[in-house]
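The values are calculated or read from the model by the stated rules, or taken from the named source; none is laboratory data. Keep in mind that this is a model prediction, so the values were computed, not measured. Positions of Cβ are generated from backbone atoms using ideal geometry, with glycine treated the same way; all protein chains shown enter the neighbour counts.
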Amino acid sequence: MDIILDHINNLRGMFHIGTFSFIYAFCGGIFGLVMGSFTDLVADRTLEDRKWWGTERSRCPACDKVLGPLELIPVISFVVQKRKCRGCGSLIPWECLWAELLCMMLYGVLWGFHAPLTMPWLLGSVLIPLFMIHIITDLKTMTLCDSVTLIIFLAALSVRVYGSFSGGEYRIGDGLLGAVIASGIFLILSMLGAMGFGDTVLMAGLGMITGVAGIPFVIYSACLMCMAWYIFRCGARCIARISASPHFVTLQEAKEIALAEREVPYGPWLCLGAYFWIVFFI
């Protein structure tokens, strides 16, 4: 038995670079693919005001065909079926693919940097599916599900309470103060019309996660990612306009595109900012 354990430890050491474990990252990535597919389903049914639990099977939204096991394999089914439903041939939304890949990366990075059952590993593993639901719904419809935000807050509060009673550094006082300050800042922005109220409620949960020290990082990183998303959307619209017409986009057309894309969701980038704080600073 000791020889087997020594071989396992040697194998693990071969796949470690610094504090990053490629074995844990690989396992996290596989788990993330499954969770990405699941959270995409939950987000879609939440937007449609349908139950995501129970015995209802996954179906094609175009022809209502019940999807078989092979059609539910993350990423592989999307590629093998060439982004088409086997029943009616309708195109599968790109959202299904990027949700699975994004969730794969989030879990892979988290599990790669943090060993199982550590505080960041537990907190991040619970929050990533909730963050993914917010990311999907906010990007699609610019709405945040209040029940998901409440679960985020309660999960962070539970970890803070545990940290306070166990004598750890992750204490409830810092979390409550962070929640008040973060939500207070966004409440002012919401009253000024710069933010939606959903972002204000979300920041209460994220402030509970990061505490006072993490608020500037979350807001600043979210601003950078939001700006990058805005530039990407404007660039994509310009490229689509050029492809549809033989001439380049004029300055007036570029201004129209910039104005049309000026309303951008902020919730996804706040969630990702909190995720990066969990991975690199807790």
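Among all positions in region 248-261, there is no residue which is surrounded by 12 or more Cβ atoms within 10 Å (Cβ to Cβ) and at pLDDT 90 or above.
In the set Phe232, Phe153, only one residue is surrounded by 15 or more Cβ atoms within 10 Å (Cβ to Cβ) and either not small (Gly, Ala, Ser) or not in a helix (DSSP H, G or I) (or both); that residue is Phe153. The listed residues are Ser166, Ser183, and the only one of them that is within 22 Å of Leu127 (Cβ to Cβ), modelled with pLDDT under 90 and not assigned by TED's automatic domain parsing to the domain that holds Glu95 turns out to be Ser166. In a residue-by-residue description of region 89-99, the property of being touching a His at 6+ places or on another chain (Cβ under 9 Å) and of a type outside the set (A, V, I, L, M) applies to no position.
Does region 73-113 hold any residues that are of a type in the set (A, V, I, L, M) and in a helix (DSSP H, G or I), and which are they? Matches in region 73-113: Ile76, Val79, Val80, Leu97, Ala99, Leu101, Leu102, Met104, Met105, Leu106, Val109, Leu110. Output yes when any residue across region 131-144 is closer than 21 Å to Phe197 by Cβ, touching a helix residue (DSSP H, G or I) at 6+ places or on another chain (Cβ under 7 Å) and not in a helix (DSSP H, G or I), and no when none is. Within region 131-144 (the criterion being closer than 21 Å to Phe197 by Cβ, touching a helix residue (DSSP H, G or I) at 6+ places or on another chain (Cβ under 7 Å) and not in a helix (DSSP H, G or I)), the answer is yes, since at least one residue qualifies.
What pairs can you find where one residue is in region 175-202 and free of Cβ contacts under 8 Å to residues at least 24 places away in the same chain, the other is among the hydroxyl-bearing types (Ser, Thr, Tyr) and crowded, with 19+ Cβ neighbours inside 10 Å, and their Cβ atoms are less than 7 Å apart, with a gap of 6+ or different chains? Note: pairs meeting the criteria are Phe186/Thr200; Leu187/Thr200; Ser190/Thr200; Thr200/Ser183.
Scan region 156-171 and tell me whether some residue there is touching a residue at least 60 places away in the same chain (Cβ under 8 Å) and assigned to a loop (DSSP other than H, G, I, E, B). Yes, region 156-171 has at least one match. Flag set for Leu144, criterion: at negative phi, under 13 Å from the mean Cα position of the chain (by Cα) and modelled with pLDDT under 95. For region 172-197, a residue qualifies if it is in contact with a Ser or Thr (Cβ under 7 Å, 6 or more places away or on another chain) and assigned to a helix (DSSP H, G or I), and the qualifying residues are Ile172, Gly178, Ser183, Phe186, Leu187, Ser190, Phe197. When you check Arg171 against the structure, is it modelled with pLDDT under 85, over 30 Å from Gly124 (Cα atoms) and basic (Lys, Arg), yes or no? Against the criterion (modelled with pLDDT under 85, over 30 Å from Gly124 (Cα atoms) and basic (Lys, Arg)), Arg171 does not qualify. Within region 72-101, the set of residues being farther than 17 Å from Lys140 by Cα and in contact with an Asp or Glu (Cβ under 6 Å, 6 or more places away or on another chain) comprises Pro74, Val75, Ser77. Taking each residue of region 52-81 that is at pLDDT below 80 and looking for partners that are among the hydroxyl-bearing types (Ser, Thr, Tyr) and part of a loop (DSSP other than H, G, I, E, B) with beta-carbon atoms closer than 6 Å, six or more apart or interchain, yields Ala62/Ser90. Scoring Arg241 on the criteria (1) outside any helix (DSSP H, G or I); (2) more than 23 Å from the chain's Cα centre (by Cα) leaves a single failure, condition (1). Can you spot a residue in region 212-224 that is modelled with pLDDT of 95 or more, assigned by TED's automatic domain parsing to the domain that holds Gly273, part of a helix (DSSP H, G or I) and more than 26 Å from Leu154 (Cα to Cα)? Yes: region 212-224 contains one or more residues that are modelled with pLDDT of 95 or more, assigned by TED's automatic domain parsing to the domain that holds Gly273, part of a helix (DSSP H, G or I) and more than 26 Å from Leu154 (Cα to Cα). When the residues of region 187-221 are filtered to those that are closer than 16 Å to Thr143 by Cα and among the hydrophobic types (A, V, I, L, M, F, W, C), which remaining residue is surrounded by the most Cβ atoms within 10 Å (Cβ to Cβ)? In this case the residue turns out to be Met203.
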